[in-house]
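Chemist: Quick one: the structure is below, questions incoming.
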Amino acid sequence: MKHPIAYILAVLAMTAFFSGAALADTFEGRSKCSSCHKSQAKSWKDTAHAKAMESLKPGTRKEAKVKAKLDPEKDYTQDKDCVGCHVDRFGKKGGYTIDAPKKPLAAVGCESCHGPGRTYRGDHRKAGQIFEKKGKGKE
Ligand code: HEC
Ligand code: HEC
Ligand code: HEC
């Protein structure tokens with residue numbers, strides 16, 4: 001198995017390669033990733049990244065908002081000046097939108113860091129075959 005960093009670099013290289021082509025970067029959403037990567041999904045849930053959208057709701061993170069001169073009672077979940085960094089792929093094809101928000105893309109999910117699932121399906125297929133052969137994986 002490749003080292004995770006090498007893998008991520010490969011993902012980034014592929015993303016750069018495909019972005020020039022007609023292939024759309026399609027985000028699959030974290031629920032898909034989580035269905036296989038259960039242990040990563042479980043630890044991700046406890047991170048601030050998982051709660052990024054919660055922080056924009058009224059009444060949450062009051063202290064931090066007051067400190068930042070924001071209104072703690074205001075709903076920032078539809079504010080285009082805020083959501084961009086608090087969700088997956090805002091404004092990009094297949095990413096989160098304010099008009100039709102998709103729950104699996106709300107928060108800083110797996111694909112924010114690992115890139116859109118679709119661009120590395122080939123690599124994943126190989127990993128999946130190894131997984132099936134061995135009958136086990138890293139989860
Ligand atoms: C059908 C099950 C399945 C789905 C869905 C899936 N993965 Fe995987 N993934 C695997 C398997 C199996 C491996 C290989 C594990 C190993 O080599 O031990 C893997 C490998 C990886 C690796 C590389 C691990 C390494 O050490 O090299 C990353 C990163 C990853 N997946 C992220 C994701 C993300 C992000 C998503 C959602 C877009 C996703 N996976 C969806 C099964 C899946
Ligand atoms: C340029 C990216 C970016 C934008 C735009 C952005 N945020 Fe954030 N936000 C972050 C990052 C990164 C963190 C986590 C690091 C931190 O807490 O400073 C964060 C953290 C937060 C937190 C949690 C702070 C805490 O300490 O608990 C709140 C609340 C928040 N943002 C609200 C907002 C609101 C409201 C807006 C719009 C007015 C906004 N953000 C716009 C990147 C952004
Ligand atoms: C904030 C960025 C970030 C987010 C969000 C994120 N990852 Fe990762 N992930 C990384 C980095 C960086 C590594 C490699 C370094 C390491 O192994 O700690 C990694 C490693 C992995 C690996 C390799 C095996 C392992 O555990 O080291 C898998 C599989 C994986 N992530 C899946 C996921 C899934 C599934 C999600 C969503 C539930 C997710 N990641 C969310 C950055 C992220």
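No value in this document is a laboratory result; all are computed from the given coordinates. The model shown is predicted, which means the values in this text are computed figures rather than measured ones. Don't worry about glycine lacking a Cβ; one is built from the backbone with ideal geometry, like all the others, and counts go over all protein chains shown.
Chemist: Amide H to amide H under 5 Å from V87: which residues, 5+ apart in sequence or cross-chain, H placed 1.01 Å off N in plane?
Modeler: A107
Chemist: If you average the alpha carbon positions of region 30-70 and of region 83-100, how far apart do those two centres end up, in angstrom?
Modeler: The two parts, judged by their Cα centres, are 15 Å apart.
Chemist: I need the GluC sites (Glu not before Pro) found in region 34-133, filtered to DSSP loop residues with at most 13 other beta carbons within 10 Å of theirs.
Modeler: Here the sparse-neighbourhood loop sites are E73.
Chemist: Let's see if you can work this out: charge +1 on each Lys and Arg Cβ, -1 on each Asp and Glu Cβ, no other charges. What is the dipole magnitude of region 61-102 about its Cα centre, in debye to the nearest 20?
Modeler: So the dipole magnitude of region 61-102 works out to roughly 200 debye.
Chemist: DSSP loop trypsin sites (Lys or Arg not before Pro) in region 34-111 with at most 15 other Cβ atoms within 10 Å of their Cβ, which ones?
Modeler: Sparse-neighbourhood loop trypsin sites (Lys or Arg not before Pro): K69, K74, K92, K93, K102.
Chemist: Turning to a different aspect of this structure: Give me the number: length gained by fully extending Q78 to K32, i.e. 0.36 nm times residue separation minus the C-alpha to C-alpha distance, one decimal in nm.
Modeler: 14.1 nm
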